[in-house]
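Since every read-out is calculated from the coordinates, none of them should be taken as a lab result. Because the structure is predicted, anything quoted here is derived from the model rather than measured. Methodologically, a virtual Cβ is constructed for each residue, glycine included, from the backbone with ideal geometry; neighbour enumeration extends over all protein chains shown.
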Amino acid sequence: MNDIFVTLDKMIKELRLESVHSPACETKIVSSEVNRPGLPIAGFFNYFDNERIQIFGMVENTFLSEMTSNERSGCLDKLFSQKFPAAILTRGADAFPEMLDAAIKHEIPILKTEETSSRFLSALIAFLNVELAPRITRHGGLIEVYGEGMLIIGESGVGKSETAIELLKRGHRLIADDAVEIKRVSSKALVGSAPNIIRHFMEIRGIGIVDVQKIFGMGAVKQTEKIDMVIHLEAWKDGKQYDRLGLINEYTNILGIDIPSLTIPVKPGRNLAVIFEVAAMNNRQKKMGYNAAEELNNRLLEQMSKSLEAEET
């Protein structure tokens with residue numbers, strides 16, 4: 001069985017659903033895909049995925065209302081025998097007696113919402129995409145700096161937590177320290193959070209464990225944040241050539257998504273907090289279409305072109 005799941009109870013609570021029929025067994029949802037069972041109601045069950053939640057909107061309910069009671073009973077019994085996770089009625093529709101009979105027989109939960117089908121589907125899919133997203137845990141920290149989620153990774157003792165503390169003092173926010181749970185919530189976005197057991201705690205060598213929320217206040221912490229860039233901290237290596245212009249874009253692949261990344265060497269005297277702030281603002285500029293390194297390069301090329309033209313004349 002899929003190790004990643006969300007319970008039906010959590011979905012009911014988050015989406016404010018009303019329970020029409022709830023079997024005693026605990027229901028686990030493992031698929032972020034949902035289905036409107038128009039074709040199965042009509043008798044076509046090829047490629048039916050019984051891991052999907054079934055949504056009964058106005059079209060499905062109208063089609064069922066035009067059947068006789070015996071036809072409806074046979075149709076719904078066959079559908080509910082597929083053992084899908086739950087049936088959800090939209091627009092506040094009431095369940096047909098035959099639907100309740102089938103749900104009780106096959107132990108399928110029935111829920112309802114006052115939302116229209118389209119609006120509810122959008123909310124449900126967004127919820128399931130986050131809860132059932134592929135995920136990994138990476139050693140490092142996650143800080144929000146000027147609205148940019150910065151994943152800090154590096155060898156133990158390189159200064160990740162110390163840099164995070166300095167950023168907190170400057171008004172930025174902590175999401176996770178030491179371990180970051182990363183979810184792929186779409187084909188282009190990663191979201192990071194802290195494991196529940198260590199949320200808002202930090203380890204600082206020489207001091208020990210500190211509670212960031214208690215020391216710096218609620219404004220210094222955040223539950224989740226999108227990962228916009230990755231910062232690799234490494235001890236300064238004499239003789240190694242570090243990028244000084246930024247013309248070459250580097251990326252770190254996490255869960256199949258390339259995230260812009262920087263490698264920042266650490267040595268005594270460097271103010272890493274200021275460097276992080278500049279990196280965050282520079283990353284925002286790049287996303288808005290402005291790249292300072294490319295602008296400088298274009299100016300140099302333009303100047304060289306003008307010099308060559310002057311020499312030729």
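If only the Cβ of Lys and Arg carry +1 and only the Cβ of Asp and Glu carry -1, the dipole of the chain around its Cα centre is close to 580 debye.
Taking the C-alpha atoms only, the angle from helix 272-287 to the longest principal axis of the chain is near 60 degrees.
Simple point charges give the picture: +1 on the Cβ of Lys and Arg, -1 on the Cβ of Asp and Glu, and for region 1-67 a dipole about the Cα centre of about 100 debye.
This ranking places Val59, Val191 by how few other beta-carbon atoms lie within 10 Å of each, fewest first, which gives Val59, Val191. In the elastic network of the chain, a GNM with C-alpha springs shorter than 10 Å, the most mobile of Ala103, Ala194, Ala292 is Ala292.
Loop-only check: which chymotrypsin sites (Phe, Trp or Tyr not before Pro) in region 14-99 are DSSP coil with at most 12 other Cβ within 10 angstrom? Of the chymotrypsin sites (Phe, Trp or Tyr not before Pro), the ones in loops of region 14-99 whose Cβ has at most 12 other Cβ atoms within 10 Å are Phe44, Tyr47. Which residues among region 63-103 fall inside the zone where the amide N is under 16 Å from a point 7 Å beyond the Cα of Glu33, along Cα→Cβ? Answer for region 63-103: 83-86. Sorted ascending by nearby beta carbons within 10 Å, beginning with the fewest, Ile209, Ile12 become Ile209, Ile12. Listed peptides 299-307, 247-255, 26-34 appear in the order 26-34, 247-255, 299-307 once ranked by packing, highest mean of other Cβ atoms within 10 Å at the front.
Across region 6-131, the mean sequence separation of Cα contacts (distance under 8 Å, 6 or more residues apart), normalised by length, yields a relative contact order of 31 percent. Modelled label positions at Ala292 and Ala126, each set 7 Å beyond Cα in the direction of Cβ, lie 3.5 nm from each other.
Applying the Karplus relation 6.51 cos²θ - 1.76 cosθ + 1.60 with θ = phi - 60° to region 131-144 yields 3J(HN,Hα) values of 5, 10, 5, x, 8, 9, 10, 10, 6, x, x, 9, 10, 9 Hz, where x marks Gly and Pro. When the charge dipole of the chain is built from unit charges on Cβ atoms (+1 for Lys and Arg, -1 for Asp and Glu) and taken about the Cα centre, the candidate among Gly154, Asn283, Leu15 whose Cα reaches farthest toward its positive end is Gly154. In whole angstrom, note down how far apart the Cα centers of region 219-267 and region 120-150 are. Comparing the Cα centres of region 219-267 and region 120-150, I get a distance of 19 Å. Helical content of the chain, expressed as a calculated mean residue ellipticity at 222 nm, amounts to -10500 deg cm²/dmol (DSSP H runs of 4 or more residues, -39,500 (n - 2.57) each, divided by residue number, nearest 500). In this simple spin-label model, placing a label point 7 Å from the Cα along the Cα-to-Cβ direction at both Thr68 and Arg170 gives a separation of 7.7 nm. Put a plus charge on the Cβ of each Lys and Arg, a minus charge on the Cβ of each Asp and Glu, and nothing anywhere else: the dipole of region 6-131 about its Cα centre is then about 140 debye. In the chain, a dipole from Cβ-located charges (positive for Lys and Arg, negative for Asp and Glu) runs towards its positive end, and of Ala86, Thr252, Ile209 it is Ile209 whose Cα lies farthest in that direction. The calculated FRET efficiency for His139 paired with Glu26, based on their beta-carbon distance and R0 = 41 Å, is about 0.80. With a Förster radius of 41 Å applied to the beta-carbon distance between Asn196 and Glu312, the computed FRET efficiency rounds to 0.05. Counting neighbouring Cβ atoms within 10 Å and putting the fewest first, the residues Leu245, Leu111 line up as Leu245, Leu111.
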